[in-house]
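Any read-out appearing in this document is the output of simple, stated calculations on the displayed coordinates, not a laboratory observation. Remember, predicted model here, so these are calculated numbers, not experimental data. All Cβ positions, even for glycine, are placed from backbone atoms using ideal geometry, and neighbour counts span all protein chains on display.
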Amino acid sequence: MWVQQTIGNACGLMALLHGVHNGGSKQYILRGSDLENLLHKAVPLKPEARAQLLYDSAALEAAHMFAATTGDTGAPSSSANVPYHFVCFVKDDNDHLYELNGGMKGPVDRGLLGSDEDALSAKALLLGVGSFLEEAGDAHIGFSIVAMAPADG
């Protein structure tokens, strides 16, 4: 499931939603929670309606605002020009690595991984994050990687 980002400076939220719903983390979504209900409603919708559903969700807005105001760093306004962007890489059930970026026109199939490879395997990093590094060449590029994984490994 891919969602177009229509909420200003919410790319981190979009990456999190993409990762939670499309990766193995979805098994940890609490039954009956606002998140489960929102994602359940979003799946059958076309991309524009899906984006509107998220945009109009009071529960999502409340959770996003809570997260944005409880950290150590102040969150930018929704209209601020921010030089960084979050994207999500997820391995699907058919072993394809997908780039899910709410700022693009849809998901991007980055290629096939082996059944024993995950989204942080050497091949996945080459197909995903490595492509950004290659494109940057000698220019400075800063990035961070966050993995959603079980506590035991």
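For the pair Glu36/Asp72, report the inter-label distance in nm, with labels modelled 7 Å from Cα in the Cβ direction.
Label at Glu36, label at Asp72, 3.4 nm between them.
Please rank Tyr55, Tyr98, Tyr84, fewest neighbouring Cβ atoms within 10 Å first, as an exposure proxy. Walk me through the intermediate numbers first.
Details: Tyr55 15, Tyr98 22, Tyr84 9.
Fewest to most other Cβ atoms nearby, the residues stand as Tyr84, Tyr55, Tyr98.
No solvent, one uniform scatterer per C-alpha: report log10 I(q)/I(0) for the chain via the Debye equation at q = 0.10, 0.11, 0.20 1/Å, two decimals.
Here log10 of I(q) over I(0) equals -0.38, -0.46, -1.47.
Between Asp56, Asp92, Asp72, where does the largest GNM mean-square fluctuation fall for the chain, given springs only between Cα atoms within less than 10 Å?
Highest fluctuation among the options: Asp72.
Full extension from Ile145 to Lys26: what is 0.36 nm times the residue separation minus their Cα-Cα distance, to one decimal in nm? Each step should come with its number before you reach the end.
On the way: separation 119, 0.36 × 119 = 42.84 nm, distance 1.91 nm.
Taking 0.36 nm per residue and subtracting the Cα distance, the gain is 40.9 nm.
In whole Å, what three semi-axes, largest first, describe the equivalent ellipsoid of segment 11-70 built from its Cα gyration tensor (square root of 5 times each eigenvalue)? Can you show the working numbers first?
Numbers: eigenvalues 55, 46, 27 Å².
Each semi-axis is the square root of five times an eigenvalue, giving 17, 15, 12 Å.
Given Cβ point charges of +1 (Lys, Arg) and -1 (Asp, Glu) and nothing else, what value in debye, to the nearest 20, does the dipole of the chain about its Cα centre take? Each step should come with its number before you reach the end.
Details: 9 positive and 18 negative charges, 88 e Å.
Here the chain has a charge dipole of around 420 debye.
For the chain, calculate the relative contact order in percent as a whole number, restricting contacts to Cα pairs under 8 Å that are 6 or more residues apart. Intermediate results must be reported in sequence, preceding the final value.
Details: 170 pairs, mean separation 41.2, N = 153.
Rounded, it is 27 percent for the chain.
In a GNM of the chain with a 10 Å cut-off on Cα contacts, which of Arg50, Arg31, Arg110 has the highest mean-square fluctuation?
The residue that fluctuates most here is Arg31.
Which of Val82, Val90, Val108 moves most in a GNM of the chain, Cα contacts under 10 Å?
In the Gaussian network model the winner is Val82.
Which distance in Å, rounded to a whole number, links the C-alpha centroids of segment 15-30 and segment 103-124?
Going from one Cα centre to the other spans 16 Å.
Would you work out the charge dipole size for segment 88-136 about its Cα centre, treating the Cβ of every Lys and Arg as +1 and the Cβ of every Asp and Glu as -1, and quote it to the nearest 20 debye?
So the dipole magnitude of segment 88-136 works out to roughly 180 debye.
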